[in-house]
Amino acid sequence: MTATIVQADEQTSSGDESGLEDLEVNRVRDFWFRRQRAIIGLVGVALVVGSWELSADLKLVNPVFSSKPSAIAIALKDYFDGGGGLHALQVSATEFGIGFAIALVAGLLLGLAIGWWRFLDYLFDPLINVGYAVPRIALVPLFVIWFGIGIQSKLAIVVLSAVFPILLNTITGVKTTDASLLRVARSFKASNVQLFRTVVLPGALPQIVTGIRLGIGLGLVGMIVGELVSSTAGLGFTIETAGNNFQMPLMFAAVAVVSAAGVFLSQMLRILERRLDRWRPQTHE
Amino acid sequence: MSLTQPGFATPPIAAGGAGELAIDHARIEFIARRDNKKYTAIGDVSFTVAPEEFVSVVGPSGCGKSSLMLAVAGLIPLARGSVRVSGKLVTGPEHDRAMVFQSASLLPWRSVVGNVSYGLELMKVDRAQARQRAHEMIELVGLSGFESNYPHELSGGMQQRVNLARALAADPLVLLMDEPFAALDAQTRELMQDELLRIWTEMKKSVMFVTHQIDEAIFLADRVVVLGRGPATKVVKVVEIPLGRPRPESIKRTPEFVAIVDDIWTTIRGA
């Protein structure tokens, strides 16, 4: 049972003035405690960016190869201001979006089925193990031969990269359902559908979300590598051509866009997770 | 203190009355998956719980009490014999019985209300009705105010109350309780025993209560069924508890009570 600790010492201050002083100090301390994560994080980022800019200016590294944050910022602006950035983003987003959606649906449905029916597990397990072990990245040239240089080959890579973590985590989530909860549900004469809906699925959800997060990461990597190897448009294409032409600021800018997309997606996921996790005891803080 | 022979454990009430639990020559066998050997958990057990009667089942550790409970609930099959509730043969779980397991097994992602109405939800009871009933049960077990709390925020005793409320919400004829207080500390345990008697008096259900703690068995019950040592367990004695109700906790220290404890303890030791 959580106990709320009531501040019992509000009455014990020695005098009126010291009470006011404590309030002032407390307010500063409060602000710090609540914001310390953001403040410290920001300081870290500022330090990195600052030292990068400095080392380029002081010629500690060759600025032609390393570029610097100010140049990258300018390149970023130009990229989206008629430099083809918006189109590249659209292409990549489409590849990733559709590919990930397919991987999500396939991974979830297959994972739930395999986790639930032992027969399917025995059937698919060796295939999944082999498929997971094969480096999908190495198959990129093969996909280009099969699907051409356009969007389809990249889609195929995203699907194959993202589906495995989703599939495997969903299977684990279903398999590790709490047996005592199943027993309770059975004692109330729950049908298999009810068992699945009320016990298996909610219980597997945290594991599934983990799988989705991994799928996002691997899917993004797959998409970029696919575009790097062979494509006609997209953020990876920009990275490749800019790199080949030694347009370092532009290359970094495109990389930054990809990173930002990744961060954005995982933040969205974290928000979703937090809502789903409301019933859990907090492990830290 | 009168002793009844095993097999004659039915007090003179018309058989098949609503809420009567009749176990007739039950036998439970398991096959160990490892070596395919047959293990007989319960050899031959017969006794009856009359409507609105409270019967405790005690026995040495490992004698198969929990297996018997699972068979009565309909979760595992009998190798021989039968279990009937209100005259109807038990073939699987049914809403005329509800189980209270040793571990509360609450759905951790649901609040107290969500957990208590779980059984009703599975029975496809209308949502508003289910909530209403859940609130009544929550109040009955003394957890008013905790409806929106999650299981991890509750103590062990409180979780077991939710467990009990969930079982009662489905309005079963027979309540099956498998060492429900075993995981609680001694003080909470005594408190819960009092609470259980209070609730039972209000709800008037037949109860089959499995425990390995003898004083608990005697304190709660009208009759105590004593099982022998496993494997192939049998009933060795059925003890009538002539103590009146309501029973204060202090009755545990009266000479009559202690004599019954002694009697059962000796029986178990010697079995």
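Report the one residue of A:Ile98, A:Leu235, A:Pro249 whose Cα lies farthest in the direction of the positive end of the charge dipole of chain A (charges on C-beta: Lys and Arg +1, Asp and Glu -1; origin at the Cα centre). Farthest along the dipole direction, towards plus: A:Ile98. Partner aspartates and glutamates whose Cα lies under 20 Å from the Cα of A:Lys77, excluding those fewer than 8 positions away in the same chain, are identified as A:Glu53, A:Glu240. Residue by residue along B:101-108, Cβ atoms of other protein chains within 10 Å of the local Cβ number 5 on average.
For chain A, a simple Cβ point-charge model (Lys and Arg +1, Asp and Glu -1, everything else neutral) yields a dipole of about 1280 debye relative to the Cα centre. Run through the range A:26-132 and list the chymotrypsin sites (Phe, Trp or Tyr not before Pro) located in a DSSP loop whose Cβ has at most 15 other Cβ atoms within 10 Å. Qualifying residues, ordered by number: A:Trp117. Summary value for chain B: 27 percent relative contact order, contacts being C-alpha pairs under 8 angstrom separated by 6+ residues. For the range B:168-213, treating each Cα as an identical point scatterer without solvent, what Debye log10 I(q)/I(0) comes out at q = 0.25, 0.29, 0.31 1/Å? With no solvent term, the Cα-only Debye profile gives -1.01, -1.18, -1.23. Taking a ≥ b ≥ c as the square roots of the Cα gyration tensor eigenvalues, chain A comes out oblate, since a/c reaches at least 1.5 and a/b does not exceed b/c. For B:Lys234, the lysines whose Cα falls under 23 Å of its own Cα, not counting residues fewer than eight places away in the same chain, are B:Lys37, B:Lys38, B:Lys65.
Taking each DSSP H run with n ≥ 4 as -39500 (n - 2.57) and averaging over every residue of the protein assembly as shown yields -18000 deg cm²/dmol at 222 nm. Using the Cα coordinates of the protein assembly as shown, the gyration tensor eigenvalues translate into equivalent-ellipsoid semi-axes of 64, 33, 18 Å, sorted from longest to shortest.
Take every DSSP beta bridge whose two residues both sit in chain B, then give the antiparallel share in percent to the nearest 5. So the antiparallel bridges in chain B amount to around 55 percent. Net charge dipole, the protein assembly as shown: roughly 1880 debye, given to the nearest 20, about the Cα centre with Cβ charges of +1 for Lys and Arg and -1 for Asp and Glu. Each Lys or Arg adds one and each Asp or Glu subtracts one; over the other residues with Cβ under 14 Å from the Cβ of A:Ser231, this totals -2. Structural descriptor for the range A:69-276: relative contact order 29 percent, calculated from alpha carbon pairs under 8 angstrom and at least 6 residues apart. Checking every one of the trypsin sites (Lys or Arg not before Pro) in the range B:187-267 against DSSP loop status and a limit of 12 other Cβ atoms within 10 Å picks out B:Lys204.
For chain B, no complete DSSP H run has alpha carbons reaching 24 Å or more along its own long axis together with a mean Kyte-Doolittle score of 0.0 or higher. A cut-off under 11 angstrom between Cβ atoms defines the neighbours of B:Asp44, and their net charge, with Lys, Arg +1 and Asp, Glu -1, is +2.
What longest range of chain A stays clear of loop-exposed trypsin sites (Lys or Arg not before Pro) (DSSP non-H/G/I/E/B, at most 11 other C-beta within 10 angstrom)? Maximal segment without exposed cleavage sites: A:60-277. Inverting the pair-averaged 1/r between distinct Cα atoms of the range A:64-151 gives 17.0 Å as its Kirkwood hydrodynamic radius.
Values quoted throughout were computed directly from the atomic coordinates according to the rules given, and no laboratory measurement underlies them. Predicted model only: the values in this text are computed from it and were never measured. Quick reminder, even Gly has a Cβ in these numbers, built from the backbone with ideal geometry, and neighbours come from all protein chains shown.
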